[in-house]
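What follows is a single structure, written as structure tokens, with notes after it.
The values are calculated or read from the model by the stated rules, or taken from the named source; none is laboratory data. Every value quoted in this text rests on a predicted model; they were computed, and no experiment measured them. In this analysis, Cβ positions are derived from the backbone assuming ideal geometry, glycine residues included, and neighbour counts consider all displayed protein chains. Calculation scope for accessible area: heavy atoms of the full protein, side chains included, ligands and nucleic acids excluded. Shrake-Rupley method; radii C 1.70, N 1.55, O 1.52, S 1.80 Å.
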Amino acid sequence: MTQPDFANGADAEEARPDTDEEYLVVRNDEEQYSIWRADRELPAGWYPEGMRGGRQACLDHIGVIWTDMRPLSLRRRLAGADA
């Protein structure tokens, strides 16, 4: 699965933080978040989360909503062990 992130999916050499490029906040099935340039097709397994805007605004949004960095499958497995 392609891992979208600023360094890989957004082509770091093309990305310029001082421009008005739009990004999407994206999420995968493991509830991991990243950003993706809005003008590019999302890779398989990644879905728009709902936030669209400048790079820093999207990163700030991820900082607020992604409070548990563990993949969903691990959280579920650990929750089952506590039962």
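At a glance:
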{"quantity": "Residues that are farther than 19 Å from residue 36 by Cβ and free of Cβ contacts under 8 Å to residues at least 40 places away in the same chain, drawn from the range 58-74", "calculated": "67, 68, 70, 74"}
{"quantity": "Positions within the range 64-83 being open to solvent by less than 60 Å² (accessible area, probe 1.4 Å) and not hydrophobic (A, V, I, L, M, F, W, C), in sequence order", "calculated": "68, 71, 73, 75, 80"}
{"quantity": "Filtered residues of the range 32-58 (kept if assigned to a strand (DSSP E or B) and either over 18 Å from residue 20 (Cα atoms) or of a type in the set (Ser, Thr, Tyr) (or both))", "calculated": "33, 34, 46, 47, 48, 49, 50"}
{"quantity": "Enumeration of residues in the range 43-57 that are touching a Ser or Thr at 6+ places or on another chain (Cβ under 9 Å) and within 13 Å of residue 27 (Cβ to Cβ)", "calculated": "43, 45, 46"}
{"quantity": "Residue within the range 28-35 that is of a type in the set (Val, Ile, Thr) and open to solvent by 70 Å² or more (accessible area, probe 1.4 Å) present", "calculated": "no"}
{"quantity": "Residues of the range 59-76 that turn out to be part of a loop (DSSP other than H, G, I, E, B) and out of contact with any strand residue (DSSP E or B) (no Cβ under 6 Å at 6 or more places or on another chain), as a count", "calculated": "5"}
